[in-house]
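Here the structure comes first, spelled out in structure tokens, and everything after it is commentary.
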Amino acid sequence: MTIMKTLLGATAITAFSALAASAEPGLIIDLGGKFDKSFNESAYNGAQRWMEETGKSYRETELQSEAQREQSMRRMAESGANPVIVLGFANASTLEKVAPDYPEVNFTIVDMVVDQPNVQSVVFKEHEGSFLVGVLAAMASDSGTVSFVGGMDVPLISKFACGYAQGVKAFNPEANVIVNMTGTTPTAWNDPVKGAELTRAQISQGSDVVYAAAGGTGIGVLQAAADEAILSIGVDSNQNYLHPGFVLTSMVKRVDNAVYEAFAAGEDGSFEPGIKVMGLDNNGVGWALDENNAPLITESMKATVEQTRAKIIGGEIAVHDYTTDGTCPAY
Amino acid sequence: MDTMPRWADIALIPLINLALALLVSALVIAAIGENPAEAMGVMIRGAVGSAYGWGYTLYYATNFIFTGLAVAVAFHARLFNIGGEGQAALGGLGVALVCLMVPWPHWSLALPAAVIGGALFGAAWAAIPAWLQAKRGSHIVITTIMFNFIASALLVYLLVNVLKVPGSMAPETARFPEGARLPSAYDWGAWMGFGRSAPLNVAFFVALACCVLVWVLIWKTRLGYEIRAFGQSEPAAKYAGIRPVRIIMITMLVSGALAGLMAVNAVQGEAERLVIDSVQGAGFVGIAVALMGRSHPVGVLLAALLFGALYQGGAELEFEMPAISREMIVVIQALVILFTGALDNMVRGPVEGFFRRLRRGAA
Amino acid sequence: MATVTQTEGRPSAAALSQTAPAIELRGISKAFGAVQANKDISIRVERGTIHGIIGENGAGKSTLMSILYGFYKADAGDILIGGTKTDIPDSQAAIRAGIGMVFQHFKLVENFTVLENVVLGAEEGAFLRPSLAKARRLLVDLAREYELNVDPDAKIEDLGVGMQQRVEILKALYRQADILILDEPTGVLTPSEADHLFRILRGLRDEGKTIILITHKLREIMDVTDNVSVMRRGEMTATVKTAETSPTELAELMVGRKVLLRVDKTPAQPGPVVLKVENLRVTDENGVERLRSINLEVRAGEILGVAGVAGNGQSELLEVLGGITEATGTVTLNGHPLQLSGPESDGRSRRQAGIAHVPEDRHRLGLILDFTAWENTGFGYQDRPDYTNGALMNQHALRTDTEGKMERFDVRPANCWLHAKSFSGGNQQKIVLAREIERNPDLLLVGQPTRGVDIGAIEFIHQRLIELRDAGKAILLVSVELDEIFALSDRIAVIFDGRIMGERTPDQTDETELGMMMAGMDGKAR
């Protein structure tokens, strides 16, 4: 035991003395994988952009299962990474437990609020961005029926769905909005086959524009929409390039900006704990227009959606946030 | 009859198996263009090179001791309990209910209650396959595997629909209240260098106690005698008036209870809440642990330590050498299981031959 | 034209002796370790005859046929098929040489149809259909020719054992067997099924096939065979024409004149009835009746010997009384009825009632080979207060007791830590005997007490059994060794085909009569 003790003591010192010195930022990619072309990839792109611009490096690890969260978070904190960015609401309870053990490390959590002195919580006004793409969907739809495929059935995703439905109804009060969720567990974030099935089912019910807010599952949704020659709307990242001519637009959620800014704040010491809200006003959410979807967006669509955007920022249109009361006025 | 010395059977062969597994792993790592020596170094340092590493290695080992003992006890009655995964998952449910339903004033009261809860739920989950085997002759391998799937589906349902905290989005229970949280290695082992991060907790001592209890059960009690006799020869056991139904039921209940106890470590000790997939394959690792440990508690303990180190070393490898993906680490762990479990006879034959020649040479 | 008519039908005996025999074995020997299963066996089986091979269990019949069918390789000797020396390394070679085998335990696929089973292993080409069509035509032909009627589309599991046996014969014929070997074919058949089988066999013989019939039943030999060979203890003692012999002669050849083992014993002093068995019946999982209404009595202070060829129900008798197999009927011990089914019919209840059991197969039942000697001493008595300490085993008491037993029974080496498998057969048997005899039971069941035991130990074991008898205990002895039966028994019951053929006292009878009774012939009829 004594041998072990001295051995441990010695290595512990060498392992953790580096803590303050290196201070690379760390990013924990959530379930679903780094290249989900959506939420995680957006975060990854933000980290890459920071790396390219500053020429510095960061630490990164990828979660494989629910029960791993704590070890990954602790490992990242122990390795001397600062700040540590965790992605997704599922990390909240773990971070709540881990953050107090590392008071000197700054954490940033995306999509959920964790009330700890060393945690910054970044939340997005997804309902506002979804409202905008809802308006576009209603304008692009011929059938008057549009649809939504969510990932895991949680309030956060209902927030997307509800904002979208409000946008659709705002342009066409008679429109029909079909809402489906992929599943009730985290595997719902990475099930493109099920996503495609749901999309086909919605098409058979008359939908001609489908909005996917489902992480990796959305890949299947967009694929099915392209195969069936209807329009789709991507999420989180700009997914317009995936199926040019079929992806109407993407509700971009600038997780990349959140990560980039958190990394930068760690660098210049401007880290601020508390809640940081990213909405239309500060370009935290928005709709994507590029050469891939330009032919699909008419001038009137563009004008209407920009007008709507201005009205939301100006407070003229109030978009209801599902998570505040668990209800949605649009369905 | 004995063609080789006992030490060769219990120490040499597992070591050769392990060496072969690591050799093949090294070849695989080399094949993807990474430096095997460096990777092995990272794994070893990560597992046993720091208090942080030990904290996790022993934490994982605790899980594997429970599931390994579960498989080992069943082995003695020649029952192949593949259901450790499901039994441990249900044990997690039992532990979570105990911890959440009662406002425990202190962990020393919560721990025995959680032990009972985990053991009861694990045993209950083993009881149905056991009954089907004893009464209907349904093969226990098939039924326990099926019950793993049922357990997984059941837990998803309960976590999503019943146990989830209202308003929370994650399918997990509330965090257990203060009085139900077990002291971690930081609380009682800080002098050994364990930091706050160590998931190692007092459940480790429960696991050690279980090793002793299983040893007493199998080698000292009348029940253990009957279990071993039944495992050696069912007709002979019937001759001796040992009732097969009774032995199958009791053995599987004990086995399921041990698997269920894993939750005391993983659910109560570490996560302090019940999450989806809290078992993380430990039920299956338990099979390899029991095989490698020759179904003896001491062997199970040592094999569990080895697999704990492999798991922690693997996690570290993934962190330190991102080029070696998670899948690669699973490959390495699988190779160890393959060589120590399934391919055991491949090494055994030549080693036995070697000793036979040695003996003939000496004689 | 005249010559053609002459070759039709069965050739005369004179013609037979001139043609080469269907099978000739020359000097076949085969040893398993120290056991010489076949010793320098030579035999000629003439073409177009039914040739019986008779002998006690363990006489070496099955080994010889396994060599012929390529399961074993002979240590020495030659096999000649139709006059040419033939090497038979495996069963495929045997089939190519025209040999077909019908085993005691059928090798059929239960959930396949008759047709599929017949074709199995002899399919031609990659597709099944042509083979099946061909087999169906052949089956119809064979059925017409030999009374081998079987529905080709019936599933095996739906057929009775007699039908299944026909499928085995059809399988062999489909593979164009000229020589058909049947191993104890009537063991599972009813008498009428057996008669039908014999009609089939005669039909096949008349078509020129050669048939080897392995049996221990004299009646069958006398009924159906042309020639008969007798085996005893691995040797071929005689080959005779069936017409020129008698059951008595065959029984003598089969059993042999063995040197009686001398056991000094006084005449028995039988006391009250300890064991009374009435109308005891056992049906096995295949629905075959293994015991058909057994009635017997054993008194205090006497040894009842049950003689018989192995497989005639004596094992079941011991297992029912020992609480391993369930049965119907009435069994009383000292006037108290024993449960024959349900949880109270197990070995534990039997021991509590005062029955001790030295099983026939000590490796399968009597001992746990991987347990130490002291663990085996507690086997069956693991819940007795003198061996336990609450829920724990009282290992100290067990070891002390084992050491005492080893000394009293002269077990060598007298080391209670050795595993049972490390002892010789005789010493293993002594461990079991010590355990059972020293419990001082009212009734001791003993099966094959000296099987695989060296001469010195045999005498010791016999002595102990006599001592127990003289102490006023009842002993039921089952043995296939007639000399052992004679040496120990005060009364002898002969069991054949699940029935008691009759009872004798040793001075009333001799081996020849018992041998005939064991082979199913009424002893008094000679």
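The values are calculated or read from the model by the stated rules, or taken from the named source; none is laboratory data. Model, not experiment: these values are computed from the prediction. Positions of Cβ are backbone-derived with ideal geometry, glycine not excepted, and every protein chain shown enters the neighbour counts.
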Exercise for the section: Test each condition in (1) under 19 Å from residue A:295 (Cα atoms); (2) buried (at least 24 other Cβ atoms within 10 Å of the Cβ); (3) among the aromatic types (Phe, Trp, Tyr) for residue A:263 and report the one that comes out false. Expected result: (1)
Completion exercise
Among helices (runs of 4 or more DSSP H) entirely within region C:412-526, at least 3 residues that are surrounded by 20 or more Cβ atoms within 10 Å (Cβ to Cβ) and within 14 Å of chain B (Cβ to nearest Cβ) occur in C:425-437
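Per-residue answers, yes or no, for (1) free of Cβ contacts under 8 Å to residues at least 40 places away in the same chain; (2) surrounded by fewer than 20 Cβ atoms within 10 Å (Cβ to Cβ); (3) outside the structural domain of residue B:210 (by TED's automatic domain parsing); (4) in a helix (DSSP H, G or I):
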{"position": "B:295", "(1), (2), (3), (4)": "no, no, no, no"}
{"position": "B:314", "(1), (2), (3), (4)": "no, no, no, yes"}
{"position": "B:318", "(1), (2), (3), (4)": "yes, no, no, yes"}
{"position": "B:349", "(1), (2), (3), (4)": "yes, yes, yes, yes"}
{"position": "B:352", "(1), (2), (3), (4)": "no, yes, yes, yes"}
Practice task
Select, from C:232, C:199, C:205, the only residue that is surrounded by 15 or more Cβ atoms within 10 Å (Cβ to Cβ) and over 22 Å from residue C:66 (Cβ atoms).
Solution key: C:205
Exercise for the section: Spot the failing condition for residue A:90; the list is (1) surrounded by fewer than 24 Cβ atoms within 10 Å (Cβ to Cβ); (2) within 12 Å of chain B (Cβ to nearest Cβ); (3) closer than 30 Å to residue B:194 by Cα; (4) not polar (S, T, N, Q), and only one is missed. Expected result: (1)
Completion exercise
Taking region A:32-52 and the residues there that are among the charged types (D, E, K, R) and modelled with pLDDT of 90 or more, the one that is surrounded by the fewest Cβ atoms within 10 Å (Cβ to Cβ) would be A:52
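Might you let me know whether region A:234-250 holds any residue that is within 14 Å of chain B (Cβ to nearest Cβ), more than 19 Å from residue A:127 (Cβ to Cβ) and without any contact (Cβ under 8 Å) to a residue 60 or more places away in the chain? Give the derivation first.
Initially, region A:234-250 is screened for residues within 14 Å of chain B (Cβ to nearest Cβ), giving none.
Within region A:234-250, not a single residue is within 14 Å of chain B (Cβ to nearest Cβ), more than 19 Å from residue A:127 (Cβ to Cβ) and without any contact (Cβ under 8 Å) to a residue 60 or more places away in the chain.
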Practice task
Only residues in region A:31-54 that are within 14 Å of residue A:217 (Cβ to Cβ) count as the first member; pair them with residues that are among the β-branched types (Val, Ile, Thr) and part of a helix (DSSP H, G or I), Cβ under 8 angstrom, at least 6 apart or cross-chain, and list the lot.
Solution key: A:36/A:219; A:37/A:219; A:38/A:219; A:39/A:255
Handout entry: Cβ pairs under 8 Å, 6+ apart, first in region B:229-248 and farther than 19 Å from residue C:377 by Cβ and in contact (Cβ under 8 Å) with a residue 12 or more places away in the chain, second outside any loop (DSSP other than H, G, I, E, B) and small (Gly, Ala, Ser)
Key = B:244/B:134; B:244/B:237; B:245/B:134; B:247/B:237; B:248/B:130; B:248/B:134
Fill in the blank from the handout: Counting only residues that are under 19 Å from residue B:181 (Cα atoms) and either surrounded by fewer than 24 Cβ atoms within 10 Å (Cβ to Cβ) or not assigned by TED's automatic domain parsing to the domain that holds residue B:163 (or both), region B:67-110 contains a total of 11
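To keep it simple, each residue is scored yes or no on (1) touching a residue at least 24 places away in the same chain (Cβ under 8 Å); (2) in the same structural domain as residue B:114 (by TED's automatic domain parsing); (3) surrounded by fewer than 23 Cβ atoms within 10 Å (Cβ to Cβ); (4) within 25 Å of residue B:276 (Cα to Cα).
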{"site": "B:181", "(1), (2), (3), (4)": "yes, yes, yes, yes"}
{"site": "B:186", "(1), (2), (3), (4)": "no, yes, yes, no"}
{"site": "B:191", "(1), (2), (3), (4)": "no, yes, yes, no"}
{"site": "B:197", "(1), (2), (3), (4)": "yes, yes, no, yes"}
{"site": "B:203", "(1), (2), (3), (4)": "yes, yes, no, yes"}
{"site": "B:209", "(1), (2), (3), (4)": "no, yes, yes, no"}
{"site": "B:222", "(1), (2), (3), (4)": "no, yes, yes, no"}
Problem - One residue from B:260, B:281, B:299 being away from chain C (no Cβ under 14 Å), surrounded by fewer than 20 Cβ atoms within 10 Å (Cβ to Cβ) and within 22 Å of residue B:79 (Cα to Cα) - result: B:281
Handout entry: Segments classed as strands (runs of 3 or more DSSP E), wholly inside region A:167-249, with at least 2 members that are surrounded by fewer than 24 Cβ atoms within 10 Å (Cβ to Cβ)
Key = A:176-183
Practice task
For residue A:209, state whether it is touching a residue at least 60 places away in the same chain (Cβ under 8 Å), touching a Ser or Thr at 6+ places or on another chain (Cβ under 6 Å) and hydrophobic (A, V, I, L, M, F, W, C).
Solution key: yes
Handout entry: Hits in region C:1-49 (condition: at pLDDT below 80 and of a type in the set (Gly, Ala, Ser))
Key = C:2, C:9, C:12, C:13, C:14, C:15, C:17, C:33, C:34
Exercise for the section: Could you tell me which residue of region C:363-391 is farthest from the other protein chains (Cβ to nearest Cβ), considering only residues that are among the aliphatic types (A, V, I, L, M) and closer than 12 Å to residue B:240 by Cβ? Expected result: C:367
Exercise for the section: Tally the residues that are assigned to a helix (DSSP H, G or I) and exposed (fewer than 11 other Cβ atoms within 10 Å of the Cβ), restricting the search to region A:308-331. Expected result: 3
Exercise for the section: Would you tally the residues in region C:40-68 being basic (Lys, Arg) and assigned to a helix (DSSP H, G or I)? Expected result: 1
Practice task
Report those helices (runs of 4 or more DSSP H) wholly inside region B:147-245 carrying at least 2 residues which are within 30 Å of residue C:397 (Cβ to Cβ) and within 14 Å of chain C (Cβ to nearest Cβ).
Solution key: B:203-220, B:222-232, B:234-239
Handout entry: Any hit, region A:20-30, residues being assigned to a helix (DSSP H, G or I), within 13 Å of another protein chain (Cβ to nearest Cβ), within 21 Å of residue B:274 (Cα to Cα) and at pLDDT 80 or above
Key = no
Exercise for the section: State yes or no: is residue A:158 among the small types (Gly, Ala, Ser), within 14 Å of chain B (Cβ to nearest Cβ) and part of a helix (DSSP H, G or I)? Expected result: yes
Completion exercise
Taking region A:77-87 and the residues there that are more than 8 Å from every other protein chain (Cβ to nearest Cβ) and crowded, with 21+ Cβ neighbours inside 10 Å, the one that is farthest from residue A:23 (Cα to Cα) would be A:87
Exercise for the section: Give region C:451-485 a look and list any residue that's farther than 17 Å from residue C:426 by Cα and in contact with a strand residue (DSSP E or B) (Cβ under 7 Å, 6 or more places away or on another chain), or say none. Expected result: C:468, C:469, C:473, C:474, C:475, C:476, C:477, C:478, C:482, C:485
Exercise for the section: Go through the residues of region B:270-278 one by one and say whether even a single one is within 14 Å of chain A (Cβ to nearest Cβ), more than 10 Å from the chain's Cα centre (by Cα) and in a helix (DSSP H, G or I). Expected result: yes
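Each row is one residue, and each column tells you yes or no for (1) closer than 30 Å to residue C:497 by Cα; (2) modelled with pLDDT of 80 or more.
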{"residue": "C:124", "(1), (2)": "no, no"}
{"residue": "C:138", "(1), (2)": "no, yes"}
{"residue": "C:157", "(1), (2)": "yes, yes"}
{"residue": "C:166", "(1), (2)": "yes, yes"}
{"residue": "C:172", "(1), (2)": "yes, yes"}
{"residue": "C:177", "(1), (2)": "no, yes"}
{"residue": "C:182", "(1), (2)": "yes, yes"}
{"residue": "C:191", "(1), (2)": "yes, no"}
